[in-house]
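This report concerns only the one structure given below.
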Amino acid sequence: MTPRIEVVAVDSLMVRLFDAIDEGNMPWILAASQRLRDVFGQQLIDLVPSYTTLMVQFDLAPGEARRRILHALEGLRPDDGKAGRRHEIPVWYHASVGPELPVLAARSGLSEAEVIDVHCGRDYPVFALGFAPGFGFMGLVDERLATPRLSTPRKRVAAGSVGIAERQTAAYPAVSPGGWNLIGRTPVRLFDREREGYSLLQPGDRVRFVSVGHAEFINLGGDDSPQEAQA
Amino acid sequence: MSQLRIEASTALCQLQDGGRFGVRHLGVTQGGALDWVAMRWANWLLGNALDSAVVEIALGGFSVVAEEDCMLALAGADLDAQVDGQAVAPWTRFNLGKGQQLTLRQPRQGVRAYLAAPGGFQGEAVLGSCSTVVREELGGVDGQGRALVKGEVLHAAGAIAGQVGAPNRRSHVPETLRPVYADKPVLDLVMGAQIGDFSGTSLFEAFNRDWTLDSRADRMGIRLLGPQLMYQGAPMISEGIPLGAVQVPPDGQPIVLLNDRQTIGGYPRLGALTPLALAQLAQCMPGATIRFRAVVQDEAWREQQACLRCWG
């Protein structure tokens, strides 16, 4: 791994660690993120990790920032897995809140129950947060579940909706427009301004979805209002 | 405590401050005054911290009545401001007596005016800022991300000017320090990493042709119309997007990403406008033309530092 440092703006540099999306990137991104925070300290304005990169915004002359980045990356080792947290996120998988559950089943030739098992069958690293506060891009889902985004995005996706786009999966923290294929809904609050750290998910965390029935979904505070099927 | 009752407002009249920082990795956008230079001058006139919360008023349609005597300051666009029918010059501090009405009617020059009050306007700080981001339901007076509405009451954090921080000795921004809103501004663009992946013709055109501001513009971004730019590099994987990024989607028409932009994205970029260029852009109407000038990061950084020194 040979990181590249690229100019992106007057006060920002991009640290490019990889050229392709891979679950194996995350321990490196996490480790680099921690080192950069330590080395920049108060001079760090923002740090935006993504699939293959970290964007560093700083309150420093660019030359000095570049030196600090090089220093932070010296002898970098991947994170040992203790830094990120693992979350189990309950999901009520049902066509009334996840209208594309039957669609995915039909596409893949699996039963709905099998689609659920496959989606719940592995831990997904959180590659990046974006699109909306607390929206975590996770993956990669089993290739049998890979599905392109809806050709016309919905104007209103319910909060907690769990969806799939290509080989990525995510849960919508709040009501928003969206084009992902919805297969269920979680009662968990993903973004909460009262919570320490605000967002349940942080880049580098791992998520395991757990299928729950309707009664448990309601007990956990879930809202079972049906999702409109189309835009 | 100064209180202003809002008599008229629009979706484009919002509480803004310096923006929200340290939370971009959570997918939370930056927010903040689009013309940060004018915001700073408005606060400077009252002796406020330069990033204190102000009202950003785009295109006018905003009016307040003082519920008690207060001192205010206006900077940025000339939106034909009047107090009870008497013109108020922008870039000045002025008194608004109890019962008097301040109205910002329509643009005469520029787009966005900034109204400051002693100590800054009070808002519910969310994630460290009062900046209103409607899409994310963050900031504003009650923290829920709402634009200002008729009937709402704005409170200033300071009692009257002079009791918070001493108001500036000058009651106006010196002429020589006021930004000039040029008809056809040349905007500095820090060249980014993908610049070499655009076709030679596209690169020439990007920096030697006029760009017209499209009407498709909001606090997330402004579309530009002009020659079609051709990106020839590999498809990109989503990554962090800096303030002022000039991204080029497949239709070849650039979009300048502003304060309320999404935090990550995967379109190639020519680079990013400097903060000073963004302040100028914030005062350009749809239909206005601009040009880009390529600059390198170090030079842009030095110019930014020199600019920041003008507030001492």
Qualifying position, being in a strand (DSSP E or B), within 14 Å of chain B (Cβ to nearest Cβ) and crowded, with 19+ Cβ neighbours inside 10 Å, among A:91, A:162, A:126: A:126
Taking the range A:65-86 and keeping only residues that are in a helix (DSSP H, G or I) and either closer than 25 Å to residue A:139 by Cα or at the interface with another protein chain (Cβ under 10 Å from one of its Cβ atoms) (or both), one is left with A:65, A:66
Out of A:29, A:45, sole residue that is more than 9 Å from chain B (Cβ to nearest Cβ) and closer than 25 Å to residue B:272 by Cα: A:29
Residues to consider are A:37, A:66, A:85, A:122; find the one that is within 20 Å of the chain's Cα centre (by Cα), among the basic types (Lys, Arg) and modelled with pLDDT of 95 or more. A:122
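Being within 17 Å of the chain's Cα centre (by Cα) and either within 18 Å of residue A:56 (Cα to Cα) or crowded, with 22+ Cβ neighbours inside 10 Å (or both) is the requirement here; does residue B:258 meet it?
yes
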Report whether or not residue A:200 is touching a strand residue (DSSP E or B) at 6+ places or on another chain (Cβ under 7 Å), within 16 Å of residue B:28 (Cα to Cα) and modelled with pLDDT of 95 or more. yes
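Each row is one residue, and each column tells you yes or no for (1) loosely packed, with under 13 Cβ neighbours inside 10 Å; (2) under 29 Å from residue B:113 (Cα atoms).
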{"position": "B:169", "(1), (2)": "yes, yes"}
{"position": "B:183", "(1), (2)": "yes, yes"}
{"position": "B:198", "(1), (2)": "no, no"}
{"position": "B:205", "(1), (2)": "no, no"}
{"position": "B:213", "(1), (2)": "no, yes"}
{"position": "B:222", "(1), (2)": "no, yes"}
{"position": "B:232", "(1), (2)": "yes, no"}
{"position": "B:241", "(1), (2)": "no, yes"}
Sole exception among (1) closer than 24 Å to residue A:79 by Cα; (2) crowded, with 24+ Cβ neighbours inside 10 Å; (3) within 14 Å of chain B (Cβ to nearest Cβ) for residue A:209, by number: (3)
Of (1) assigned to a loop (DSSP other than H, G, I, E, B); (2) modelled with pLDDT of 95 or more; (3) buried (at least 18 other Cβ atoms within 10 Å of the Cβ), residue B:47 satisfies all except one. Which? (2)
Qualifying position, being in contact with a strand residue (DSSP E or B) (Cβ under 7 Å, 6 or more places away or on another chain), surrounded by fewer than 24 Cβ atoms within 10 Å (Cβ to Cβ) and either in contact (Cβ under 8 Å) with a residue 24 or more places away in the chain or outside any strand (DSSP E or B) (or both), among B:29, B:103: B:103
Against the definition (more than 18 Å from the chain's Cα centre (by Cα), among the small types (Gly, Ala, Ser) and surrounded by fewer than 18 Cβ atoms within 10 Å (Cβ to Cβ)), how does residue A:24 come out, yes or no? no
Filter the range B:296-309 down to residues that are touching a helix residue (DSSP H, G or I) at 6+ places or on another chain (Cβ under 8 Å) and either exposed (fewer than 14 other Cβ atoms within 10 Å of the Cβ) or over 23 Å from residue B:50 (Cβ atoms) (or both), then give me how many there are. 2
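Results for (1) closer than 15 Å to residue A:70 by Cβ; (2) at pLDDT below 95, shown as yes or no for each residue.
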site: A:2; (1), (2): yes, yes
site: A:14; (1), (2): yes, no
site: A:24; (1), (2): no, yes
site: A:30; (1), (2): no, yes
site: A:46; (1), (2): no, no
Which listed residue, of A:36, A:47, A:54, A:30, is surrounded by 18 or more Cβ atoms within 10 Å (Cβ to Cβ), free of Cβ contacts under 8 Å to residues at least 24 places away in the same chain, outside the structural domain of residue A:165 (by TED's automatic domain parsing) and more than 30 Å from residue A:219 (Cα to Cα): A:47
Consider residue B:269 carefully, then state whether it is surrounded by fewer than 23 Cβ atoms within 10 Å (Cβ to Cβ) and not assigned by TED's automatic domain parsing to the domain that holds residue B:27. no
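Out of curiosity, is residue B:67 closer than 19 Å to residue B:148 by Cβ, acidic (Asp, Glu), away from chain A (no Cβ under 14 Å) and surrounded by fewer than 21 Cβ atoms within 10 Å (Cβ to Cβ)?
Values: closer than 19 Å to residue B:148 by Cβ: yes; acidic (Asp, Glu): yes; away from chain A (no Cβ under 14 Å): yes; surrounded by fewer than 21 Cβ atoms within 10 Å (Cβ to Cβ): yes.
Criteria met by residue B:67.
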What do you reckon, is residue B:133 under 21 Å from residue B:40 (Cα atoms), surrounded by 19 or more Cβ atoms within 10 Å (Cβ to Cβ) and either within 14 Å of chain A (Cβ to nearest Cβ) or not basic (Lys, Arg) (or both)? yes
If you scan the range B:50-74, which residues turn out to be more than 20 Å from residue B:108 (Cβ to Cβ) and assigned to a loop (DSSP other than H, G, I, E, B)? B:50, B:51, B:52, B:53, B:67, B:68, B:69
Looking at the range A:1-18, which of its residues are more than 8 Å from chain B (Cβ to nearest Cβ) and either among the β-branched types (Val, Ile, Thr) or in a loop (DSSP other than H, G, I, E, B) (or both)? A:1, A:2, A:3, A:5, A:15, A:17, A:18
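The values are calculated or read from the model by the stated rules, or taken from the named source; none is laboratory data. Being a predicted model, the structure only gives us computed values, none of them experimental. As a convention, Cβ positions derive from the backbone with ideal geometry for all residues, glycine included, and neighbour counts pool all protein chains shown.
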